[in-house]
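What follows is a set of notes on a single structure, which appears directly below.
The values are calculated or read from the model by the stated rules, or taken from the named source; none is laboratory data. Please read these numbers as outputs of a predicted model, since none were measured by experiment. Cβ: placed from backbone, ideal geometry, glycine included. Neighbour counts: every protein chain shown.
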Amino acid sequence: MPSESFVAPYLLRLGVTPDRHRKPSAAELRALHRAHVERVPWETLEIHLGRPTTVDPHESIARILRGRGGYCFHLNGAFATLLTALGYDVTWHRGGVHSDAGSQPPGATGGHLALTVDCEGQTWVADVGFGEAPYEPIPLRAGSYRQGPFTYHLRPSQVEPGGWRFDNDERGAFVGMDFTLAPAAPGDFAECHAVMSTSPDSQFVRTAAVVRRRADGFDQLRGCLLSTTDGTGRVQRELGTADEWFGVLADTFGITLAEIEPAERTALWERVRAAHSARQAGRAG
């Protein structure tokens, strides 16, 4: 087992027993990936709590060990650091998420941190930073990949020379992601992270959101709307009270927010509810 002090508690956070004799393998990589997306939620709550974050992976690891999550820069950065400590050959890449079917793919803008892992003679796309997809790593070769009720596609990118394109399942909240194979480092994402976490135009700033994957689907909380997506479709309901909202955070996503004061909890709920009401009024208008 590596000497890094964070490795054992990180593995325990994932429900994995630390083992000095564990060696990198494709099977272990798949198991770690599944455990991460099942136990560590994608979430933007720190923004709405007024707590600035960075793209430093060790800061992200510390937050994960406290029972929290984050978004792509945090989750993939932390996961890459864990895998590296376990002996995996991991590379960071600039990516860009394409969220609107009617717009042009953005290319590798740096708005997403993508990862590849070389293991047992195969390169894998490992991504625990989407929340909803994928459930396991995908081989870096063109093809369709069925995981539970969802089908993903990987192909050469049409907008990023030499890069690749991940196409999400049609039931997902985003269309796809382009990424370059050139290596990247944490500093390459700092500017996009600052914009995404502070700009009034950022969807992360506009809407508090939490997502967590399951083997048979995923749960998503956006503002006051809770949805469950699986092979049968999507079921959605509105959360109307603070007790209901915080209860879903704890029971569905494993986020208790036990560390924040009652006044802070009230203020968070009021912000979430006000933003939700404004969106509903805008749709009605």
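Taking the stretch 190-206, which residues are over 12 Å from THR53 (Cα atoms) and polar (S, T, N, Q)?
SER199, SER202, GLN203
For the stretch 151-160, what are the residues that are without any contact (Cβ under 8 Å) to a residue 40 or more places away in the chain and either surrounded by 14 or more Cβ atoms within 10 Å (Cβ to Cβ) or under 21 Å from the mean Cα position of the chain (by Cα) (or both)? Give the derivation first.
Going through the stretch 151-160, the residues without any contact (Cβ under 8 Å) to a residue 40 or more places away in the chain turn out to be 151-156.
Those that are without any contact (Cβ under 8 Å) to a residue 40 or more places away in the chain and either surrounded by 14 or more Cβ atoms within 10 Å (Cβ to Cβ) or under 21 Å from the mean Cα position of the chain (by Cα) (or both): THR151, TYR152, HIS153, LEU154, ARG155.
Within the stretch 161-177, is even one residue of a type in the set (A, V, I, L, M), within 19 Å of the chain's Cα centre (by Cα) and under 20 Å from LEU45 (Cβ atoms)?
yes
Go over the candidates VAL40, VAL16, VAL55 one by one and state the one that is in contact with a helix residue (DSSP H, G or I) (Cβ under 9 Å, 6 or more places away or on another chain), free of Cβ contacts under 8 Å to residues at least 40 places away in the same chain, among the aliphatic types (A, V, I, L, M) and over 20 Å from ASP167 (Cα atoms).
VAL16
Would you mind listing the helices (runs of 4 or more DSSP H) fully within the stretch 185-285 where at least 2 residues are modelled with pLDDT of 95 or more, in contact with a helix residue (DSSP H, G or I) (Cβ under 8 Å, 6 or more places away or on another chain) and exposed (fewer than 12 other Cβ atoms within 10 Å of the Cβ)?
Fully inside the stretch 185-285 and qualifying: nothing.
Restricting to the stretch 171-184, what's the tally of residues that are part of a loop (DSSP other than H, G, I, E, B) and of a type in the set (D, E, K, R)?
Summing the residues that are part of a loop (DSSP other than H, G, I, E, B) and of a type in the set (D, E, K, R) in the stretch 171-184 gives 1.
Which residues, taken from the stretch 181-224, are touching a Lys or Arg at 6+ places or on another chain (Cβ under 9 Å) and acidic (Asp, Glu)?
Listed by number, the residues that qualify are ASP188, ASP219.
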